[in-house]
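Accompanying notes for the structure given below.
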Amino acid sequence: MKTGNKLKALHPLSWGMTALCLLLLAACSVSYKFNGASIDYNKVHTIQIADFPIRATYVWGPMGPMFNNQLKDVFANHTRLQQVKRNGDMKIEGEITQYQQRNKSVSSEGYSAQTELSITVNVRFTNNTNHNEDFERQFTATSSYETTQSLNSVQEELVTQMVKDLTDQIFNATVANW
């Protein structure tokens, strides 16, 4: 008896089913593009984003430029809107109203175990193509750190995280509409 690798002949129906399956797999490709924005680019072409001044009593100097640059970057990276200095189809302006820290939890010895840092911004949004979408609203982001760490050692990292959270919240509230 002879052994070897022999291909058994497939029934013609099997060849047909195999070809049909391959054809369907090739034809059924899903294409999904998501940039987070639902903007009618036929009506809206420009956005005006003003620098947000810091009006908080407690201030960390780099926070203002970090926030302003990140907000502009989010819109530049996720929309096709042209950023303009004035007369934008959409306008975002406001101020950083609060930057504070507070005790979040207390240890069994009665000392602060965690500190919560927060940033609040007041945003005024104007959509000159649809004023029903205009609003003025406050957005807040928080982050916590162990009290055994100094604020100076974690401040840049925490503010960076909170600025990203704030700019995402603002982007979602103004143009994402989902």
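The values are calculated or read from the model by the stated rules, or taken from the named source; none is laboratory data. From a predicted model like this one, the values you see are computed outputs, not experimental measurements. FYI the Cβ positions are ideal-geometry reconstructions off the backbone, even for glycines, and counts take in every protein chain you see. Side chains are part of the model used for accessible areas, which takes the heavy atoms of the whole protein and leaves out ligands, DNA and RNA. Shrake-Rupley method; radii C 1.70, N 1.55, O 1.52, S 1.80 Å.
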With respect to R86, is the statement that it is assigned to a loop (DSSP other than H, G, I, E, B), within 23 Å of A176 (Cβ to Cβ) and open to solvent by 60 Å² or more (accessible area, probe 1.4 Å) true?
no
Considering the range 95-139, residues that are among the small types (G, A, S) and touching a residue at least 12 places away in the same chain (Cβ under 8 Å), and then whichever is nearest to T167 (Cα to Cα), we arrive at S118
Only unsatisfied item for Q70, checking (1) under 23 Å from K164 (Cβ atoms); (2) out of contact with any helix residue (DSSP H, G or I) (no Cβ under 6 Å at 6 or more places or on another chain), is (2)
Of the residues in the range 139-178 that are under 22 Å from D89 (Cα atoms) and not in a helix (DSSP H, G or I), the one that is least open to solvent (accessible area, probe 1.4 Å) is N177
Checked the range 73-115 for anything at pLDDT below 95 and acidic (D, E); matches are E109
Residue check for M1: over 19 Å from the mean Cα position of the chain (by Cα), farther than 25 Å from L158 by Cβ, modelled with pLDDT under 95 and not in a loop (DSSP other than H, G, I, E, B): no
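Residues are listed down the side, and each one gets a yes or a no for (1) among the aliphatic types (A, V, I, L, M); (2) in a loop (DSSP other than H, G, I, E, B); (3) modelled with pLDDT under 90; (4) touching a strand residue (DSSP E or B) at 6+ places or on another chain (Cβ under 9 Å):
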{"residue": "G36", "(1), (2), (3), (4)": "no, yes, yes, no"}
{"residue": "W60", "(1), (2), (3), (4)": "no, yes, no, yes"}
{"residue": "F67", "(1), (2), (3), (4)": "no, no, no, yes"}
{"residue": "Q70", "(1), (2), (3), (4)": "no, no, no, no"}
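Can you give me the number of residues within the range 105-138 that are assigned to a strand (DSSP E or B), among the charged types (D, E, K, R) and open to solvent by 60 Å² or more (accessible area, probe 1.4 Å)?
3
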